[in-house]
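Have a look at the structure below, then the notes.
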Amino acid sequence: MRGFVSALGLVGALVLLWGQASGAEDETRCLDDAMLVFDASGSMAGTDMNTARPHIDKVREALASVLPSVAPRRHLGLIIYGPDAQSRCESVKLRLKPGPNSAEVIMGEVNGVVPGGQTPLTAAVRDAAEALNFRNKPAVVVLLTDGEETCGGDPCGLARKLREEANDLTIHVIGFKVTGSTWLMPDLGASCMARETGGLSITAANKDELVAALQKTLTCPLFSKAEQ
């Protein structure tokens, strides 16, 4: 009987340890902050041949699916570029500095924006890196766009410059591909920003693919690169 009780005690201890380990894993926090660079240029108001819904609606739905599970684990910030009454290329706005549990705030900003204007994505990525204090600590930029730079910026040149100055910077590029479009070519456009910094370049054609791309780029690894 005493041996049986001891065995039960051992089992109980193992269950407790397993539960503590699982809880610790559930509470894992990402040490690398991330900035979402969101395209709200005029093209985001467009539609494709299969639906009358604008592109930005699909992007909003994808973000709403992903952010609630990411924001508790990673400090996220938001830059929106494009919308401007005069379609100026200077329309790059820091809407939120990286912070905890930011899903609701980010969705509020994204849901409230009206697409319009140009695509100054190079300037937006530069500002995102600065907001992340990229020279002094690891940082991740996730660029979500449905088009190429239209304001004279040099995405590849900027990525090389940032890489040289950075502590540890990764730029991921998610291209929301309009039906029939081939804008995101291997050696053209913003995709080189990912290549220059060791990031991912992903083309998404629908909401489900957008969800998968956002999960790959926003979800943090178990350990910071600086610790590996």
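The values are calculated or read from the model by the stated rules, or taken from the named source; none is laboratory data. All figures in this text were calculated on a predicted structure; none of them were measured in a lab. Glycine gets a Cβ as well: all are built from the backbone with ideal geometry, and neighbour counts include every protein chain shown.
List of remarks:
- If you check ALA205, ALA213, ALA226 for being in contact with a strand residue (DSSP E or B) (Cβ under 9 Å, 6 or more places away or on another chain) and modelled with pLDDT of 90 or more, only one passes: ALA213.
- Residue satisfying all of: in the range 135-188; modelled with pLDDT under 90 and loosely packed, with under 14 Cβ neighbours inside 10 Å; farthest from the chain's Cα centre (by Cα) among these: GLY180
- Checklist (1) surrounded by 15 or more Cβ atoms within 10 Å (Cβ to Cβ); (2) on the phi < 0 side of the Ramachandran plot applied to GLY46, failing item: (1)
- The lone exception for ARG135 - which of (1) closer than 21 Å to ALA159 by Cα; (2) outside any strand (DSSP E or B); (3) touching a Pro at 6+ places or on another chain (Cβ under 8 Å) it fails: (3)
- Here ALA52 meets the list (1) surrounded by 15 or more Cβ atoms within 10 Å (Cβ to Cβ); (2) among the small types (Gly, Ala, Ser); (3) more than 21 Å from ARG195 (Cα to Cα) almost entirely, failing just condition (1).
- Count of the range 104-137 residues which are more than 14 Å from PHE38 (Cβ to Cβ) and of a type outside the set (Ser, Thr, Tyr): 11
- The number of residues in the range 26-43 that are part of a loop (DSSP other than H, G, I, E, B), crowded, with 23+ Cβ neighbours inside 10 Å and in contact with a strand residue (DSSP E or B) (Cβ under 6 Å, 6 or more places away or on another chain) comes to 1.
- Scanning the range 75-130 for residues that are of a type in the set (D, E, K, R), part of a loop (DSSP other than H, G, I, E, B) and either surrounded by 18 or more Cβ atoms within 10 Å (Cβ to Cβ) or in contact with a helix residue (DSSP H, G or I) (Cβ under 6 Å, 6 or more places away or on another chain) (or both) returns a single hit, ASP84.
- Taken residue by residue, the range 50-66 has at least one member that is part of a helix (DSSP H, G or I), modelled with pLDDT of 90 or more and among the polar types (S, T, N, Q).
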